[in-house]
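Working notes, structure below.
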């Protein structure tokens, strides 16, 4: 009797997969739940360190100013946002450095738009400073 | 003969073949393991400024948010500007990640600038600001 049952077991040789499947399911559910698909668009904002910025300002480079009322000033004249890129391109010539001086109460959106416009106008060495 | 075979098959092994299912689950599991990044999202509503020239940012980053009310948020908690510096320094000590500042278009530039300086001083090598592409 005992021998027969051993023989019968021999016929179906196989590993019991169910515990493994349980484990894998739990892992799968954990990863599905914790996954967040971060899809960020953006621009890298970097500026030379403080000493270099001070030197640049002495060297009279091109600066765009953003006032408290979100007006964009280039050479003390107001420039609409649509024209910033071409004005920058015309003024830069061979230079590539430009400083944006934004008032601390101006809106971040305006600053970003000006940064973007200056970059599309050919200014690759951008820096910004904040005035109160 | 054929009837006998049928009954034997029916009575013997009644089980679904699980291997294709396991294959599928393994593929799903590997996909999720590979794509998962553990990023603390700020979890606040941000109106991102629209720009024309922007690029895809790295998935695995530290995200700091500045809301329209000039509140600084990291990982769902409101922090002070100085607190962000300390928090980011702590995180950078563990792992050298890029930092993304998600600032609302209506936030004050001064707050963004302060956060930028704090993050820079905390030792971040790459700081980006989050934008929405397509708008000029």
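Bear in mind these aren't lab numbers, they're just calculated from the coordinates by the rules spelled out. Please read all numbers here as calculations on a predicted model, not as lab measurements. Heads up, the Cβs are rebuilt from the backbone with ideal geometry, glycines too, and the neighbour counts pull from every protein chain shown.
In terms of surrounding Cβ atoms within a 10 Å radius of their Cβ, A:108, A:124 rank from fewest to most as A:124, A:108. DSSP beta bridges confined to the stretch B:1-130 are antiparallel in about 45 percent of cases.
For the stretch B:62-136, give me the percentage of DSSP beta bridges that are antiparallel, rounded to the nearest 5 percent. In the stretch B:62-136, DSSP labels about 45 percent of beta bridges as antiparallel. To the nearest ten degrees, helix B:109-121 and the longest principal axis of the Cα atoms of chain B are 70 degrees apart. Values of log10 I(q)/I(0) for chain B across q = 0.19 Å⁻¹ run -1.06, by the Debye formula with one identical scatterer at each alpha carbon and no solvent. With the helix formula -39500 (n - 2.57) applied to DSSP H stretches of n ≥ 4, chain B reaches a computed 222 nm mean residue ellipticity of -12500 deg cm²/dmol.
Residues A:47, A:107 in ascending order of nearby Cβ atoms (within 10 Å, fewest first): A:47, A:107.
Order of B:30, A:64 from fewest to most other C-beta atoms within 10 Å? Before the final figure, lay out each step's value.
On the way: B:30 12, A:64 26.
Listing B:30, A:64 from fewest to most nearby Cβ atoms yields B:30, A:64.
Spin-label model, residue B:24/residue A:105: points 7 Å from Cα along the beta carbon direction are separated by 6.3 nm.
What average count of beta carbons from other chains do you get within 10 Å of the Cβ of residues in B:102-114? Before the final figure, lay out the partial values.
Numbers: counts 2, 5, 3, 7, 3, 4, 9, 18, 9, 4, 9, 8, 2.
Mean inter-chain Cβ contacts per residue within 10 Å come to 6.
Distances between every pair of Cα atoms in the stretch A:73-132, grouped in 10 Å steps from 0 to the bin holding the largest one, split as 23, 60, 16, 0 percent.
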